[in-house]
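Nothing in this text is a laboratory measurement; each read-out follows from the coordinates by a stated rule. Not measured: the values here are computed from a predicted model. Because the Cβ atoms are built from the backbone with ideal geometry, glycine has one as well, and the counts that use them run over all protein chains shown.
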Amino acid sequence: HKKITKVCCLGAGYVGSPTSAVIAHKSGDLQVTIADISTERISRWINATNEKELPIYEPGLFDVLECRGRNLHFTADIDKAIEEADLIFVSVNTPTKKKGMGAGFAADLGYVESATRRIAKVATSDKIVVEKSTVPCRTAQSMRKILEANGKPGVHFDILSNPEFLAEGTAIKDLLSPDRVLIGSLDNDRGKSAAASLAEIYANWVPRERIITTNVWSSELSKLVANALLAQRISSINAVSAICEATGADVDEVAYACGLDTRIGPKFLKASVGFGGSCFQKDILNLVYLSESLHLPEVAAYWKQVVDMNEYQKSRFTKRVIQSLFNTLTGKKIALFGFAFKKDTGDTRESAAIALAKNFVQEQCQVSIYDPKVEEQQIWLDLSEPGVDSSLTEAKKYVTIAKDAFEAAKDADAIVIATEWDAFKDTELDYEKIYEQMNKPAFIFDGRLILDSKKLEKMGFKVEVIGKTRSELSFE
Ligand code: NAD
Ligand code: UDX
């Protein structure tokens, strides 16, 4: 197989940049260029002199960017980056389609297609094109047709699928020591040789036995299925949390007892206010759409329920807040602790906190939001409807953004924990001081099971926790 010396990555986002940075960091003899259509994003990657100035927050990311300027480069000159590379990762966004056929379910492959067309148009030498974006099963086929129909005579393209399994907040750790690297290729000599070239790059730091190869379609489908299975565990435990609240069982105890069974395992069984993030919902809906397209309605309905349960969890939690606060939120103040979809990221895509904030605003409640990493501008973007100016004015009537937890909770009737930031734990934050400044009775709704409720109850708080008995029901 061919030894790769130059790699390019199209898409300098949450996946493209950390992945390429780790590849460059671990492969000194490889030149890696990350290209993006957003010149603004590229200049932030080039010019950031510290962690805070990077376009995304990800622990450890700034350290692996030490190779910037040496064998890691960022550019907005996409054509030059394509032309020079032997291997090209396509790591562009694949959001859920908003309009047209499959709207609300199917993946919008417009960005993948335009990146592919660009490669076909520009390339004057053979390229290995790697699908890094999460795509529906059989997208590689479409990419191949586009490349073959538009490429220059004599230029050959090989397509690989190499889905990314990193999770935000732990991206660098996940990339440095992945459970597996999956490479899908066509089952012929050229395909296998291309897969071997890519495997050689990962082998710079990943043990060979963790680099697995499959056919392209299995690889594409495995990514959707891995996310569906992970999200399914969360929806399952969240469904159980509803039973716990009504019976006196404790969801943490149930998860622990069940998770000790090695066949079940302890991970991804933390009940919550609902999963968020840019992947789970999008990828399950993608799987649902695929199942429907294949005339498998029962299969589609089975996976769709994972997303429906997640929506139910968010509205169920909202209802519990309203009921506990004497059935009205009008004129009250809620401090929303956390806006990111999970801790250790500034990303808010599909964050449960967005749904909660909107629900509270609907009830004409003042909401004060504090998150350690989410930028203020992002919160306003998430709380307003795109293109509707009045929606921002409306949001600003009810929502304020606080500089810390104390400011958010001042004169509030309740605290709602939406993100599990360590800084919100009762071992980190002075809840006694917060309690003094709140309206009484002062409520805390723990949507992430991070607090010691007994300790907070002793301070005077009324504590309501997902998956634990509601205080109006007592089974003692
Ligand atoms: P992102 O929106 O952060 O980044 C995508 C980038 O691609 C943007 O900066 C955009 O400007 C750029 N882009 C779009 N079209 C382009 C083109 N033609 N040429 C060059 N650049 C172009 O998205 P992301 O979160 O990095 O996700 C990328 C893909 O990876 C998606 O398919 C996603 O499903 C998948 N994925 C994401 C995660 C995650 O945790 N975010 C994890 C695994 C897989
Ligand atoms: C996910 C997959 O984990 C990753 O492999 C894939 O590449 C991209 O999608 P990500 O969305 O970044 O990663 O974060 P993840 O840790 O999976 O959390 C997703 C959501 O589920 C978060 O809102 C998180 O708070 C929630 N969650 C996670 C729970 O509610 N309970 C859990 O037990 C685990």
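In summary, the stretch 236-474 shows an alpha-carbon radius of gyration equal to 1.03 times the 2.2 N^0.38 Å reference for compact globular proteins. Axis angle, to the nearest 10 degrees, between helix 280-293 and the longest C-alpha principal axis of the chain: 60 degrees. A crude spin-label estimate for the pair LYS396 and ALA103, with each label 7 Å from Cα along the Cβ direction, gives 3.0 nm. Calculated FRET efficiency, ARG470 and TRP217, Cβ-Cβ r, R0 35 Å, to nearest 0.05? Taking R0 as 35 Å, the efficiency between ARG470 and TRP217 is 0.15. For the chain, the equivalent ellipsoid built from the Cα gyration tensor has semi-axes of 43, 24, 21 Å, listed from largest to smallest. Shape of the stretch 6-206 from the C-alpha gyration tensor: rounded (a/c under 1.5, with a ≥ b ≥ c the square roots of its eigenvalues).
Among ASP430, ASP344, sorting on how many other beta-carbon atoms sit within 10 Å of each Cβ, with the fewest leading, yields ASP430, ASP344.
Semi-axes of the equivalent ellipsoid of the stretch 212-272 are 30, 13, 6 Å, computed as sqrt(5λ) over the eigenvalues of the C-alpha gyration tensor in descending order. Once the chain from ARG210 to ARG70 is taken as fully extended at 0.36 nm per residue, the excess over their C-alpha distance is 47.6 nm. Compared with the direct C-alpha span, the chain from THR328 to SER125 gains 66.4 nm at full extension, assuming 0.36 nm per residue.
Computed from label points 7 Å out along Cα-Cβ, the spacing between GLU432 and GLU51 is 3.0 nm.
For helix 139-150, what angle does its Cα long axis make with the longest principal axis of the chain, in degrees from 0 to 90 and rounded to 10? Approximately 40 degrees, to the nearest ten. Measuring nothing but alpha carbons in the stretch 181-225 and taking Rh as the Kirkwood radius, the Rg to Rh ratio lands at 0.98. Here LYS462 is the anchor, and the aspartates and glutamates within straight C-alpha reach of less than 14 Å, apart from those fewer than 8 places off in the same chain, are ASP413, GLU432, GLU436, ASP446, ASP452, GLU472. For ILE415, nonlocal amide neighbours, meaning residues 5 or more places apart or on other chains whose placed amide H falls under 5 Å from its own, are ALA335, PHE443, ILE444, PHE445.
Using only Cα atoms, tell me the angle between helix 110-122 and the longest principal axis of the chain; keep it within 0 to 90° and round to the nearest 10. Computed tilt is about 20 degrees.
Exposure here means at most 14 other Cβ atoms within 10 Å; with chymotrypsin sites (Phe, Trp or Tyr not before Pro) in a DSSP loop as sites, the longest stretch of the chain lacking them is 1-325. Close amide H contacts of PHE89 (hydrogens built in the peptide plane, cut-off under 5 Å, sequence separation of 5 or more or a different chain): CYS8, CYS9, LEU10, VAL130. In sequence order, the stretch 254-263 has phi-based couplings of 5, 4, 5, 4, 6, x, 6, 5, 4, 6 Hz under the Karplus curve 6.51 cos²θ - 1.76 cosθ + 1.60, θ = phi - 60°, and Gly or Pro positions carry x. Seen from SER161, the other residues with C-beta closer than 14 Å to its C-beta sum to a net charge of +1, counting Lys and Arg as +1 and Asp and Glu as -1. Label separation (THR5 vs ASN188): 2.8 nm, computed from points 7 Å beyond Cα along the C-beta direction. Derived scalar couplings between HN and Hα for the stretch 20-30 equal 5, 5, 5, 4, 5, 4, 9, 10, x, 8, 10 Hz in order, rounded to whole Hz, by the Karplus curve 6.51 cos²θ - 1.76 cosθ + 1.60 (θ = phi - 60°), x for Gly and Pro. Residue by residue, the stretch 191-203 carries 3J(HN,Hα) couplings of x, 5, 5, 5, 4, 5, 5, 6, 4, 4, 5, 4, 5 Hz when phi is fed to the Karplus relation 6.51 cos²θ - 1.76 cosθ + 1.60 (θ = phi - 60°); x denotes Gly or Pro.
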